[in-house]
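Take a look at the structure below.
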Amino acid sequence: MLLDVNIVQLAKFLNSAKRITVLTGAGLSVASGIPTFRETGGLWNNYRPEELATPQAFIRNPKLVWAWYASRREKVANSYPNNAHKVLAKWSKRFKGFSLITQNVDGLHERAGTVNVIRFHGSLWELKCWIPCSASPKHWKDKTVPFKRIPPCCPHCGGLARPGVVWFGESINPTVLKKSFEASRCDVFLTVGTSSVVNPAALLVSEAKSKGAYVAEINPKRTPASEIVDLSIKGTAEEILINLEKELLAQN
């Protein structure tokens, strides 16, 4: 019953909002079969993802790092957007002042049809020149699965290519950061499926609240953000967003 009351309350805020911003994390893609970084037993060939997603790991062993990313690309390529992605895609077209900031690099939001996506950590489907060479763009799209060789090469200089994602220890693209903080100036800020422990993305919650937004969280477990949000709803992204969408339509 309490869950129903919370959903009704959040739906009212969403329906009356002029600007809505949603921040999504790895929990949103779990129902698509994509494991989170921090789930129990999150090991790949005896390595933790945090040990592979760094510039230092790439310098030490680019083939190992690329083998992991190639396996991720293959897994995502064989997965599909789930109902949580689909609900958010509908909102992105229904609400005029809608923005979606995602920490995910899997591209499932775009495949679901979501518009106005801000990719906080880049994309699994983009590559960069490791050097970088003067002939290459900052990044380019590449949906090859599987690669003919690992590690793949930069097509512009023949040197090493790297995944077009933000690794641990790297800075967020300044333009992306600016767009994200601009999007935090909204009426409703909803954080879904994120642990709220990695900065600067985690700072967006407090930033939105300081600007006067009604801030709500959807997550199966409590997070550091649970203490500061206006409303915390426990549950999976799919379960809650499906019920929330039904309530939104019922109120109109």
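Read-outs throughout are calculated quantities, based only on the coordinates presented, and are distinct from any laboratory measurement. Everything numeric here is computed off the predicted structure, so don't read it as measured data. All Cβ positions, even for glycine, are placed from backbone atoms using ideal geometry, and neighbour counts span all protein chains on display.
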| query | Here are some pairs, LYS178/LYS209; LYS18/LYS96; LYS128/LYS148; LYS178/LYS211; LYS96/LYS221; which of them have Cα atoms lying more than 19 Å apart in this structure? | reply | LYS96/LYS221
| remark: GNM of the chain, Cα pairs under 10 angstrom: of ASN116, ASN61, ASN219, the biggest fluctuation goes to ASN61
| query | If we count every other residue with Cβ under 12 angstrom of LYS18's Cβ, Lys/Arg +1 and Asp/Glu -1, where does the sum land? | reply | +2
| task | Kindly state, to the nearest 0.05, the FRET efficiency for VAL198 paired with ASN252, given R0 = 25 Å and r defined as their beta-carbon distance. | result | 0.10
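What is the antiparallel percent of DSSP beta bridges lying wholly in the chain, to the nearest 5?
Details: 8 of 31 bridges.
Around 25 percent of the beta bridges assigned by DSSP in the chain are antiparallel ones.
Suppose every Lys and Arg Cβ carries +1 and every Asp and Glu Cβ carries -1, with no other charges. What dipole size does segment 41-109 come out with about its Cα centre, to the nearest 20 debye? Walk me through the numbers before you get to the answer.
Values: 11 positive and 4 negative charges, 80 e Å.
In debye, rounded to 20, segment 41-109 gives about 380.
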| Taking segment 28-159 on its own, what percent of its Cα-Cα pair distances exceed 21 Å? | 48
| field | Length-normalised contact order for the chain - Cα pairs under 8 Å, 6+ apart - percent | value | 25
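Do the sum for the chain: with -39,500 (n - 2.57) for every DSSP H run of n ≥ 4, divided by all residues, what is the mean residue ellipticity at 222 nm, to the nearest 500 deg cm²/dmol? Walk me through the numbers on the way to the answer.
Details: 9 runs with 91 residues, N = 252.
Only helices count here, giving -10500 deg cm²/dmol.
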| message | I'd like the isolated cysteines in the chain, meaning no second cysteine's beta-carbon lies under 4.7 angstrom from theirs. | response | CYS153, CYS186
| task | With only Lys, Arg, Asp and Glu charged, each at its Cβ (+1 for the first two, -1 for the last two), find how big the charge dipole of the chain is about the Cα centre; round to the nearest 20 debye. | result | 720
